[in-house]
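*Asks:* Handing you a structure now.
The values are calculated or read from the model by the stated rules, or taken from the named source; none is laboratory data. Keep in mind the model is a prediction, meaning the values are calculated, not measured. Because the Cβ atoms are built from the backbone with ideal geometry, glycine has one as well, and the counts that use them run over all protein chains shown.
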Amino acid sequence: MAKERVVQAIQQALEAARDRGELSFSGTPEVEIEVPRNREHGDFSSNVAMALAREANLPPRKIAECIVASIGVGDGLIDRMEVAGPGFINFYLKPGWLHDVILKIAGEGDRYGRSDAGAGTKVLLEFVSANPNGPITVASGRGGAIGDTLARLYELTGAQVAREYYINDAANSTQMINFGKSLVVRYLQELGQSIEMPEDGYQGTYVNQIAKDIIAQHGDTYVSMDAEERLTLFTRMAEDAMIAQQKADLEEFGIVFDCWFSERSLHDSGKVREAVAKLDERGFTYEKDGAVWLRSTNFGDDKDRALVRSNGSPTYIAADAAYHADKFERGFNKLINVWGPDHHGYIARTKAAVAALGYRAGDVDILIYQAVRLMSSGEVVMMSKRAGDVISLSELVQEVGKDAARYFLLMRSHDSQLDFDLELAKSQSEENPVYYVQYAHARIAALLRNAEERGVVVPTAEDANLSLLVDEPELDLIKKLADWPEEVARAAFRHEPHRLSAFATELARLFHKFYTECRVLGDDEALSGARLALVSASKQVLGNLLHTMGIEAPERM
């Protein structure tokens, strides 16, 4: 493609200038080029001259002029070049490169945007991982949209990807014990007993529903059971019921996990003890006040962390250490965790534990997403899982639809707070970004149906006279289509799935502009054919893009 050819031309020019003694630098310089925001600055621009200035001991403009002189315009791609500002090189290409983009899209179809940039990488993406003590919330849904889209992006780069949900079901979990107590209370209340919910109990109606389901299956069997045995049983039944509901809610949201990994299994299998023992063998533990501590400050943490409490029970960091060791032992070489805002303090200690166990902390990436504020009529909708007025992900999907929910939850960078406008998400107008993008796809489908109904033959890209596509809206649209493969790689490796929503909105805008200003089904058969080829390419890329976001690409709206 054009970008790769320009990069190659710059690299060859630099090597030629070094061979002539005009430039001095070591190795092969990394060349980056970007699409300028201002169309007057060409098709591509590079700052390689400024990046080399210190090593070459020359002014950036002098280096840029040397590169331009060495490249020439002999390969038929570059029309002209100019040195701008402190040393930018702007490249103006011949229009033919854009026509090749349409041919490439037509030839690759659903594969357009795929690459082998991530080949050989085995990625384990752990996300959502909400405690099994309530429905998946909107906040956790944001983590789901981020994680699932990032998984899809990595798959497009050729990486092997597994999606995993970590179930926080340790036997000593205070939250889960409180959840079990809450279920016991609701069970007994449903059977007519007068009993108060504990102050730290869970008030949500979902607890009542689980209690009713137990009664429907088992009646009053558990009323006379020993209280401790009943609590243990009800804690497990509460957990199983919530995990089943969480799975259903996430599937409704378009997410299916490859593995639901139990924290309890780490304890039952002895892997937590093994991890602590390995940390001790490697010299990174010590005892203090009857507890076992990890020397996490050796690896950049702000303080050492307890691994085993004075009563002999392991801490969360011990289980996390065992869990990450297990991930590496399963053959994954890239671990990505998508965690909620209350986990920020766990980043340093988790990486420290990974490094202390002998793995590379750099192979673990942790994304912390910020809170979601649901807005209704300009007011914040308050949420509290324990108080019972929680807004679940399922309720959000029922209210605005899966597509709008996923799109809106991807609209901001994970490290920014997100305001979710419920009214906007439900509206069928151009102000609603997901409606705007899906409408572009549906409009294309309608246009192609209209052509068929009128007996107009939609030519293949090879048969169309693409050289007729010279108008500004046409060229701007093709340039955006050309950006898709690079956008995939950038969004994946930078862990920025939110880029897709901005890309989708801009691509839709450019198509709507083209549709408005360039008559597709006109009297000029050759021009109509070329524009129909562009329309088909736009439909393909929009479809690929929406699929990557986990959103439907409708044929009709």
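*Asks:* Within segment 15-55, how many residues turn out to be assigned to a helix (DSSP H, G or I) and more than 16 Å from F88 (Cβ to Cβ)?
*Replies:* Number of matching residues: 7.
*Asks:* Contact list please: Cβ distance under 7 Å, first residue in segment 93-104 and touching a residue at least 24 places away in the same chain (Cβ under 8 Å), second residue basic (K, R), pairs at least six apart or on different chains.
*Replies:* If the second residue must be basic (K, R), the pairs left are L98/K479.
*Asks:* Mind listing whichever residues of segment 287-316 are without any contact (Cβ under 8 Å) to a residue 12 or more places away in the chain and in a strand (DSSP E or B)?
*Replies:* The answer is E287, K288.
*Asks:* Consider segment 317-338. How many of its residues are part of a helix (DSSP H, G or I) and touching a residue at least 40 places away in the same chain (Cβ under 8 Å)?
*Replies:* 9
*Asks:* Turning to a different aspect of this structure: For segment 453-491, name all the residues that are assigned to a loop (DSSP other than H, G, I, E, B) and of a type in the set (V, I, T).
*Replies:* V456, V457, V458, T460, V470
*Asks:* Still on this structure, please answer the following. With respect to A352, determine if the residue is more than 21 Å from the chain's Cα centre (by Cα) and more than 26 Å from K247 (Cβ to Cβ).
*Replies:* yes
*Asks:* Please find, among M549, M557, the residue that is surrounded by fewer than 16 Cβ atoms within 10 Å (Cβ to Cβ) and of a type in the set (A, V, I, L, M, F, W, C).
*Replies:* When all the criteria are applied, what remains is M557.
*Asks:* Let me ask something else. Against the definition (part of a helix (DSSP H, G or I) and modelled with pLDDT under 85), how does E4 come out, yes or no?
*Replies:* Values: part of a helix (DSSP H, G or I): yes; modelled with pLDDT under 85: yes.
Yes.
*Asks:* Another question, if that's okay. Please list, ordered by first then second residue, the pairs with beta carbon atoms under 8 Å, 6 or more apart or interchain, first in segment 407-435 and touching a residue at least 40 places away in the same chain (Cβ under 8 Å), second of a type in the set (D, E).
*Replies:* S413/E496; L422/E399; V434/D403
*Asks:* Now, a different point. In this structure, is L52 buried (at least 21 other Cβ atoms within 10 Å of the Cβ), free of Cβ contacts under 8 Å to residues at least 40 places away in the same chain and within 35 Å of the chain's Cα centre (by Cα)?
*Replies:* yes
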